[in-house]
Amino acid sequence: MQTVKMVITGPFSSGKTEFIKSISEIEVVSTESPIAKDSAEALEKANTTVAMDFGRITVDDDLVLYLFGTPGQRRFDFMWEILAEGMLGFVVMVDSSKPETFREARSILETFRAYAPTPYVVAANKQDHPDAWKPEDLRIALRIEDENVKLLSCVAKDKESVKEVLLELLYSILEEMDAPK
Amino acid sequence: MALKGNLAVFTTTQLLNLINLSKKTGVLTLYEGHKTGKKLTLGDGLTQIDEVAPGKEIAHLNFQQGMLVFADMNGKDGHLASVLQRAGKLNEEQARTIREKAATLNDKGLALRLINANYVTKNDIVRSIQKHAVSIVFDLMTWNKEPFEFKENIAPPDSHILVPIDLKNVIIEGTRVITEQKHLEEEIENLDFALKFPENPGEKFKNVQLGTNEWRVVGFINGKNTIRQIGKACNMTDTEIRRIVYGLLQAGLVQMIRPQSAEQPKRGTDLKRQQPANTRIERDVIQRLIVKIKNT
């Protein structure tokens with residue numbers, strides 16, 4: 001049995017857990033912890049991932065894809081490198097409606113690029129939100145100058161949208177395999 | 001879809017850069033910020049800032065194809081007579097009389113009258129309006145908490161005199177006065193990145209007015225020299241080189257790239273550059289994954 005993995009990363013509350021839940025064939029194994037009720041994060045959501053999220057897609061008897069979601073809070077970033085080890089590629093989730101998270105998204109992107117030079121895509125999540133920034137504006141805001149890097153419109157709670165992002169990442173991986181060394 | 005945000009998390013310089021690079025047409029409105037009493041959590045999940053809601057409108061900037069064409073701001077009288085007076089083209093008495101006698105005229109009508117009456121030249125008017133608009137932008141660059149909204153495809157009112165201003169120069173000039181070291185460190189975290197020119201550098205540098213220090217930095221850009229090395233070669237402190245590189249980046253004149261020798265980022269411990277996982281993966285595996293996800 002061969003297992004391969006992809007990592008879903010991004011800032012706090014960018015939709016990583018939702019993304020994995022939308023596509024995983026198993027109930028996502030989440031290490032979510034309730035956010036203290038008196039904290040500001042509690043206004044954003046009730047729980048946050050503290051170690052990782054884990055989802056699975058079984059291709060056949062011989063091949064399984066694991067999806068690992070990283071914890072969003074910086075205090076758990078020691079987990080990132082462990083999760084990144086051996087990854088096929090990664091998705092950087094960005095909440096398009098929250099410019100206050102763009103700087104962190106850029107920093108996370110750079111960090112993961114340093115872990116391993118694997119292909120990646122950026123998912124401009126929450127595109128159904130009225131205040132969402134367009135993917136082309138996000139590209140400039142996140143300083144993604146390389147036009148070969150795909151910046152994709154995404155709604156993490158929509159399975160079709162999630163499939164599209166994962167497929168684009170897989171196409172990028174194929175392109176890299178085909179590229180002259 | 002409007003671009004909404006807050007200057008506390010997306011600065012004026014970043015906004016101008018976005019509008020410039022994407023050649024947007026529309027109006028940028030800035031509002032007084034009213035604290036809601038709630039906190040906003042930044043992307044690290046830890047840092048919190050005050051959430052502010054938009055209040056009274058305090059400034060408008062109009063853009064066409066990424067160029068600033070008009071600006072007005074509360075507290076900065078935008079009447080043409082006042083603009084010309086501040087630029088030294090009219091004296092106080094002349095400006096007061098014009099404001100009284102031409103109260104019903106719009107800027108374009110007034111400009112025509114003044115030119116025909118040989119009060120000022122067309123060039124005086126263009127330069128004075130340019131100076132007025134740029135001074136508003138420089139004021140905006142010192143703001144750090146106001147909510148903003150950019151609405152696309154909205155043309156400025158016909159009555160305004162539109163003077164196109166290339167934002168690249170404004171951005172570079174504006175970043176010269178940024179003194180907040182923390183902000184620069186956040187923007188350019190790693191000095192071990194190299195710099196390269198974007199495609200069509202000739203086109204990008206056209207009409208750009210760089211200062212001596214900027215030119216010195218530009219002279220060392222070759223895709224290999226790191227920001228730290230360039231700063232050392234130019235005898236600049238980390239803050240000085242950061243400020244210049246930030247200006248060049250925001251003006252879209254240079255790009256940061258990771259050289260092979262770059263230090264790893266601060267996060268994580270004992271980072272080792274791993275072999276790409278997919279060199280060990282067969283092409284067939286990826287194709288099977290594609291088929292599976294398509295059919296999921």
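The values are calculated or read from the model by the stated rules, or taken from the named source; none is laboratory data. Computed from a predicted model, the values in this text were never measured in an experiment. For neighbour counting, all protein chains shown are included, and Cβ atoms are generated from backbone atoms with ideal geometry for every residue, glycine included. Accessible surface areas use protein heavy atoms only, side chains included; no ligands, DNA or RNA. Shrake-Rupley method; radii C 1.70, N 1.55, O 1.52, S 1.80 Å.
What number of residues within the stretch B:280-296 satisfy the criterion of being open to solvent by 60 Å² or more (accessible area, probe 1.4 Å) and part of a helix (DSSP H, G or I)?
So the answer is 7.
Collect the residues in the stretch B:195-252 that are in a helix (DSSP H, G or I), basic (Lys, Arg), surrounded by fewer than 19 Cβ atoms within 10 Å (Cβ to Cβ) and at pLDDT 85 or above, keeping them in residue-number order.
The initial filter retains those residues of the stretch B:195-252 that are in a helix (DSSP H, G or I), namely B:201-205, B:212-219, B:227-233, B:238-250.
Narrowing further to those that are basic (Lys, Arg): B:204, B:216, B:228, B:232, B:242-243.
Okay, now just the ones that are also surrounded by fewer than 19 Cβ atoms within 10 Å (Cβ to Cβ), so B:204, B:216, B:228, B:232.
Once the filter is applied, which keeps residues that are in a helix (DSSP H, G or I), basic (Lys, Arg), surrounded by fewer than 19 Cβ atoms within 10 Å (Cβ to Cβ) and at pLDDT 85 or above, the stretch B:195-252 yields B:Arg216, B:Arg228, B:Lys232.
Closer than 18 Å to A:Val165 by Cα, open to solvent by 40 Å² or more (accessible area, probe 1.4 Å) and either charged (D, E, K, R) or at pLDDT 80 or above (or both), is that true of A:Phe54? First the steps, then the outcome.
Values: closer than 18 Å to A:Val165 by Cα: yes; open to solvent by 40 Å² or more (accessible area, probe 1.4 Å): yes; either charged (D, E, K, R) or at pLDDT 80 or above (or both): yes.
Yes, satisfied.
Restricting attention to the stretch B:87-104, report how many residues are assigned to a helix (DSSP H, G or I) and surrounded by fewer than 16 Cβ atoms within 10 Å (Cβ to Cβ). First the steps, then the outcome.
Applying the first criterion (assigned to a helix (DSSP H, G or I)) to the stretch B:87-104 yields B:92-101.
Subsequent filtering for residues that are surrounded by fewer than 16 Cβ atoms within 10 Å (Cβ to Cβ) retains B:92-93, B:96-97, B:100-101.
Total satisfying the criteria: 6.
So B:Lys24 clears everything in (1) within 9 Å of chain A (Cβ to nearest Cβ); (2) in contact with a helix residue (DSSP H, G or I) (Cβ under 7 Å, 6 or more places away or on another chain) except one condition, right? Which one?
(2)
Report whether or not A:Ala156 is modelled with pLDDT of 95 or more and open to solvent by less than 30 Å² (accessible area, probe 1.4 Å). Full working, then the answer.
Values: modelled with pLDDT of 95 or more: yes; open to solvent by less than 30 Å² (accessible area, probe 1.4 Å): yes.
Against the criterion (modelled with pLDDT of 95 or more and open to solvent by less than 30 Å² (accessible area, probe 1.4 Å)), A:Ala156 qualifies.
I'm trying to understand the selection: among the residues of the stretch A:96-126, which are in a loop (DSSP other than H, G, I, E, B), crowded, with 21+ Cβ neighbours inside 10 Å and out of contact with any Pro (no Cβ under 7 Å at 6 or more places or on another chain)?
Here is the first cut: in the stretch A:96-126, the residues in a loop (DSSP other than H, G, I, E, B) are A:96-98, A:116-119, A:126.
Within this subset, residues satisfying the condition of being crowded, with 21+ Cβ neighbours inside 10 Å are A:96, A:98, A:116, A:118-119, A:126.
Correct list: A:Ser96, A:Lys98, A:Pro119, A:Lys126.
Would the stretch A:141-152 turn up any residue that is of a type outside the set (D, E, K, R), more than 20 Å from A:Leu88 (Cβ to Cβ), crowded, with 17+ Cβ neighbours inside 10 Å and at the interface with chain B (Cβ under 10 Å from one of its Cβ atoms)?
Quick first cut of the stretch A:141-152, residues of a type outside the set (D, E, K, R) only: A:141-142, A:144, A:148-149, A:151-152.
Keeping just the survivors that are more than 20 Å from A:Leu88 (Cβ to Cβ) gives A:141-142, A:144.
Adding the requirement that they be crowded, with 17+ Cβ neighbours inside 10 Å leaves A:141-142, A:144.
From the residues that got through so far, the ones that are at the interface with chain B (Cβ under 10 Å from one of its Cβ atoms) too are A:141.
Yes: the stretch A:141-152 contains one or more residues that are of a type outside the set (D, E, K, R), more than 20 Å from A:Leu88 (Cβ to Cβ), crowded, with 17+ Cβ neighbours inside 10 Å and at the interface with chain B (Cβ under 10 Å from one of its Cβ atoms).
Taking the residues in the stretch A:22-32 that are closer than 13 Å to A:Met52 by Cα and not hydrophobic (A, V, I, L, M, F, W, C) as candidates, determine which candidate is modelled with the lowest pLDDT.
Initially, the stretch A:22-32 is screened for residues closer than 13 Å to A:Met52 by Cα, giving A:28-32.
Next cut, not hydrophobic (A, V, I, L, M, F, W, C) only: A:30-32.
Numbers: A:Ser30: 73, A:Thr31: 68, A:Glu32: 63.
Filtering first and then ranking leaves A:Glu32.
Which residue pairs have Cβ atoms under 8 Å apart, sit 6 or more places apart or on different chains, and have a first residue in the stretch A:53-72 that is more than 8 Å from every other protein chain (Cβ to nearest Cβ) and a second that is open to solvent by 40 Å² or more (accessible area, probe 1.4 Å) and among the small types (Gly, Ala, Ser)?
A:Asp53/A:Ser30; A:Phe54/A:Ser30
Please specify each residue of the stretch B:132-167 satisfying the condition of being of a type in the set (A, V, I, L, M), open to solvent by less than 40 Å² (accessible area, probe 1.4 Å) and farther than 30 Å from B:Ile49 by Cα. Give the derivation first.
Of all residues in the stretch B:132-167, those of a type in the set (A, V, I, L, M) come to B:133-134, B:136-137, B:140-141, B:154-155, B:161-163, B:165, B:167.
Filter again for open to solvent by less than 40 Å² (accessible area, probe 1.4 Å), leaving B:133-134, B:136-137, B:140-141, B:161, B:163, B:165, B:167.
Across the stretch B:132-167, the qualifying residues are B:Ala133, B:Ile161, B:Val163, B:Ile165.
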